[in-house]
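*Asks:* Dropping a structure here in structure tokens format, bear with me for questions.
The values are calculated or read from the model by the stated rules, or taken from the named source; none is laboratory data. The model shown is predicted, which means the values in this text are computed figures rather than measured ones. Note that each Cβ is placed from the backbone with ideal geometry, even for glycine, and that neighbours are counted across all protein chains shown.
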Amino acid sequence: MRSAKDFFSPLAVGAPAPVREIPAKPSRAIHFFDPGNPKMAAKVPDMVGSVDVLLGNLEDAVKAENKEIAREGLVKIGQEVDFGPTQFWTRINSLDSPWVLDDLTTLVPAIGEKLDVIMVPKVQGAEDIHYMDRILAQLEAKAGITKPILIHAILETARGVANIEEICAASPRMQGLSLGPADLAADRRMKTTRVGGGHPGYLVRADAPRNDAGELQYDADRTTYQQDLWHYTIARMVDACAMHGLFPYYGPFGDIKDTVACEDQFRNAFLLGCVGAWSLHPVQIKIANKVFSPSVEDIKHARRVIAAMGDGTGAVMLDGKMEDDASVKQCKVMVELAERLAA
Ligand code: GLV
Ligand code: MG
């Protein structure tokens, strides 16, 4: 099994085998379901194989009075469903909530063998990951679980963003990070009420033309470009993950009906280095599977550059463009991702 480091480390080409192995199975779409909702729970077995990750959500979006039902529902699903090639994750309640201890002490003994990753919301710093690491080690030892359950942290507080490096480095269990744009917007006091995605007010406008007297012609047609509110945080997250050998993910896109904007947001994240995104509706699984897989043209081009570069050193001209050692490394990122998805 390959490590995330194989896909992100600049030392990946010809690097020695990674010290720590984490699931390098594809995780383009992390599909959220409410395990306490019988209709959603009934669909889970049929979704196995069609999505990379199925995540039973216990945190936000589950009403306080339904927390126990959701937890029990997740245990039942974990015990009954054969997840085959699909990874099985959960999002537990936040570490300062009254439910999280019951989440962990119930889930680990009951379905810890099957749980690949626990997503931890509102992570503030290394201390949160240390807490998780300790309690998981104790619960795993007690239950005789030998495969360590991995940890995925959601970046959704300003403090969490400021402490991103120490969060990534806090435990060998760390699998990846997701952007949590809704909570993060609130914590930062941003002025958007949307769950991820862009905002029509966040734009740049082309200069207004001037007449011969130098007066601005404000009524002239002027192109505007909507900017990506999440660019800074995604880029920060991608760098931290690359440095520590973890997987970065864009989080939720709440406007389910706007599949075009969802695809754009996911693609921006993919181009910046993310490996996947959350899916809040089956329609978003399709979008994520498409966007987070390199296109046939990209793979063809990458293989062509690699072949033209022979031993990978020096430089060649292809279609009037210069390719060199660095372009080979870029192309290998594409090809390796394609191979990982095809495996
Ligand atoms: C996700 O949990 C978010 O807050 O965006
Ligand atoms: Mg949140």
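*Asks:* Is it true that some residue in region 106-118 is within 16 Å of ligand 2 (Cβ to nearest atom) and either surrounded by fewer than 17 Cβ atoms within 10 Å (Cβ to Cβ) or of a type in the set (Lys, Arg) (or both)? I'd like the intermediate steps shown before the answer.
*Replies:* Within region 106-118, the first condition is being within 16 Å of ligand 2 (Cβ to nearest atom), and the residues that meet it are 118.
Now narrow it down to the ones that are either surrounded by fewer than 17 Cβ atoms within 10 Å (Cβ to Cβ) or of a type in the set (Lys, Arg) (or both): none.
No, the conditions are met nowhere in region 106-118.
*Asks:* Residues that are in contact (Cβ under 8 Å) with a residue 40 or more places away in the chain: which helices (runs of 4 or more DSSP H) entirely in region 125-193 hold 3 or more of them?
*Replies:* The helices (runs of 4 or more DSSP H) meeting that bar are 126-143, 164-169, 181-188.
*Asks:* Could you tell me how many of the residues in region 158-170 are crowded, with 23+ Cβ neighbours inside 10 Å and charged (D, E, K, R)?
*Replies:* So the count comes out to 0.
*Asks:* Among the residues of region 84-114, write down those that are touching a strand residue (DSSP E or B) at 6+ places or on another chain (Cβ under 7 Å) and outside any loop (DSSP other than H, G, I, E, B).
*Replies:* GLN87, PHE88, TRP89, THR90, ARG91, LEU107
*Asks:* Within region 314-333, restricting attention to residues that are among the acidic types (Asp, Glu) and surrounded by 11 or more Cβ atoms within 10 Å (Cβ to Cβ), which residue is nearest to PHE247 (Cα to Cα)?
*Replies:* By that ranking, first place goes to ASP325.
*Asks:* Does MET237 satisfy being within 16 Å of ligand 2 (Cβ to nearest atom) and either touching an Asp or Glu at 6+ places or on another chain (Cβ under 7 Å) or assigned to a helix (DSSP H, G or I) (or both)?
*Replies:* yes
*Asks:* Test each condition in (1) closer than 24 Å to SER27 by Cα; (2) more than 16 Å from ligand 2 (Cβ to nearest atom); (3) not polar (S, T, N, Q) for VAL204 and report the one that comes out false.
*Replies:* Of (1) closer than 24 Å to SER27 by Cα; (2) more than 16 Å from ligand 2 (Cβ to nearest atom); (3) not polar (S, T, N, Q), only one is false for VAL204: (1).
*Asks:* Further, regarding this structure: Can you work out which of the residues in region 24-47 that are in contact with a Leu (Cβ under 7 Å, 6 or more places away or on another chain) and closer than 28 Å to PRO294 by Cα is modelled with the lowest pLDDT?
*Replies:* Of everything passing the filter in region 24-47, PRO26 is modelled with the lowest pLDDT.
*Asks:* Would you point out the residue of region 171-207, among those that are within 16 Å of ligand 1 (Cβ to nearest atom), within 21 Å of the chain's Cα centre (by Cα) and over 20 Å from ASP264 (Cβ atoms), that is surrounded by the most Cβ atoms within 10 Å (Cβ to Cβ)?
*Replies:* Per the stated criteria, the residue is LEU177.
*Asks:* Moving on to the next point. Residues that are polar (S, T, N, Q) and closer than 18 Å to ASN289 by Cα: does region 242-264 have at least one?
*Replies:* Among the residues of region 242-264, at least one is polar (S, T, N, Q) and closer than 18 Å to ASN289 by Cα, which makes the answer yes.
*Asks:* While we're looking at this one, here's another question. For the subset of region 245-282 comprising residues that are over 26 Å from PHE88 (Cβ atoms) and assigned to a loop (DSSP other than H, G, I, E, B), which member is farthest from ligand 1 (Cβ to nearest atom)?
*Replies:* LYS257
*Asks:* For region 213-258, which residues satisfy the criterion of being of a type in the set (S, T, N, Q) and within 18 Å of the chain's Cα centre (by Cα)?
*Replies:* THR233
*Asks:* Also, quick follow-up: Looking only at region 198-227, which residues are touching a residue at least 24 places away in the same chain (Cβ under 8 Å), assigned to a loop (DSSP other than H, G, I, E, B) and touching a Leu at 6+ places or on another chain (Cβ under 9 Å)?
*Replies:* GLY198, HIS199, TYR202, GLN227
Residue-by-condition table, conditions (1) within 16 Å of ligand 2 (Cβ to nearest atom); (2) among the acidic types (Asp, Glu); (3) farther than 30 Å from LEU107 by Cβ:
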position: HIS152; (1), (2), (3): yes, no, no
position: ALA185; (1), (2), (3): yes, no, no
position: ASP219; (1), (2), (3): no, yes, yes
position: TRP230; (1), (2), (3): yes, no, yes
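*Asks:* For region 59-83, how many residues are more than 19 Å from VAL120 (Cα to Cα), buried (at least 18 other Cβ atoms within 10 Å of the Cβ) and out of contact with any strand residue (DSSP E or B) (no Cβ under 8 Å at 6 or more places or on another chain)?
*Replies:* Count: 0.
*Asks:* Every residue in region 260-313 that is β-branched (Val, Ile, Thr) and either surrounded by 15 or more Cβ atoms within 10 Å (Cβ to Cβ) or on the phi > 0 side of the Ramachandran plot (or both), please.
*Replies:* The answer is VAL275, ILE285, ILE287, VAL291, ILE299, VAL305, ILE306.
*Asks:* Quickly run through region 169-213 and pick out the residues that are of a type in the set (Ser, Thr, Tyr) and in contact with a His (Cβ under 9 Å, 6 or more places away or on another chain).
*Replies:* Answer for region 169-213, where residues must be of a type in the set (Ser, Thr, Tyr) and in contact with a His (Cβ under 9 Å, 6 or more places away or on another chain): SER171, SER178, THR192.
*Asks:* I need the full set of residues from region 46-55 which are in a strand (DSSP E or B) and away from ligand 2 (no atom under 16 Å from the Cβ), in order please.
*Replies:* Hits for region 46-55 are VAL48, VAL51, VAL53, LEU54.
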